[in-house]
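Bear in mind that the values in this text are calculations on the coordinates, not laboratory data. If you're wondering where the values come from, they're calculated on a predicted model, not measured in any experiment. We place every Cβ from the backbone using ideal geometry, glycine too, and count neighbours over all the protein chains shown.
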């Protein structure tokens, strides 16, 4: 994005920008979801090994990718906040956490519903599943630490540190299927070998990933606007926004 | 492919639809929670700042700054 980053790192100027962008991301998310579901259910063929059960992949893999990616973005913002003491980055980290936790739960849930018919077990303590569960606990720890410390700046520092340290778990999740002998299958797409799937399956999965992306941006932008209003509620510009937007 | 056939998902209906339904429900709940949070917040801020900021409405609904 060719934006003036310094200008938009101020909460007062980011607030209206986020408000203008969020609806567009919401519309994109809806359109991409419809496209992705159409491709996933009506275009992609039945899997020769797993039958129709494999169609869970169109939400399972995108949700798992989002769970890891959102964590890295959250840790990045938390780190920025720690180093440069910028308020907006701490707000962004806070706004990302619930959506990240949501996608982590979705990937575990859909994984359980996929594991049962394929492996005969809802859950196994294999490296991939266990490290993804730890990711959920990291998100929940980040959220509870924020809630437990009353001074918002100390809360941001403590939870920011947790977010950064926890980031070590993300490569562990990603590479777990290579490093250990897991029941979970290997990567569906790899840099060196390309895709192990039919082209239409892959397209449906990528479209759904894009849809989850757009959804995340729309929700997080709306949530960060709430964070900004809450934290800056005593300032003059919030007073103006409040009297303008609530009439 | 008939409709029944589609919904039976080759015998995996519970697993496939259980995945999609819970995902859709949770995402819907998140959107509702965020929108509600924003409304409650603007409501509260409007009450605090509306009075303090001196925006009043006269009988005709016109806004006057005091």
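For chain A, what is the mean residue ellipticity at 222 nm derived from helices alone (per DSSP H run of n ≥ 4: -39500 (n - 2.57); sum divided by total residues; nearest 500 deg cm²/dmol)?
Counting only the DSSP helices, I get -25500 deg cm²/dmol.
Listing A:60, B:49, A:234 from the residue with the fewest other Cβ atoms within 10 Å to the one with the most, what is the order?
Ranking A:60, B:49, A:234 by Cβ neighbours within 10 Å, fewest first, gives A:234, B:49, A:60.
When Cβ neighbours within 10 Å are restricted to other protein chains, what is their mean count per residue of peptide A:211-221?
1
May I ask for the Rg/Rh ratio of the protein assembly as shown, computed from Cα atoms with Rh as the Kirkwood radius, given to two decimals?
Expressed as Rg/Rh, it is 1.04.
Hey, got the Cα dimensions of the stretch A:26-71 along the principal axes, in Å, largest first?
Principal-axis extents of the stretch A:26-71 (Cα, largest first): 33, 24, 9 Å.
Which value in Å does the Kirkwood hydrodynamic radius of the stretch A:92-141 take, with 1/r averaged over all unlike C-alpha pairs and then inverted?
Final number for the Kirkwood radius of the stretch A:92-141 is 11.5 Å.
Need one number for the stretch A:55-198: average projected area of the convex hull over its C-alpha atoms, nm².
With every direction weighted equally, the projected area is 9.3 nm².
Beyond 12 Å, what share of the Cα-Cα pairs of the stretch A:50-109 is found? Please give it as a whole percent.
66 percent
For the stretch A:157-247, max minus min Cα coordinate along each principal axis, in Å, sorted largest first?
57, 36, 21
In whole Å, what are the extents of the stretch A:1-135 along the principal axes defined by its C-alpha atoms, from largest to smallest?
Result for the stretch A:1-135: principal-axis Cα extents of 54, 34, 19 Å.
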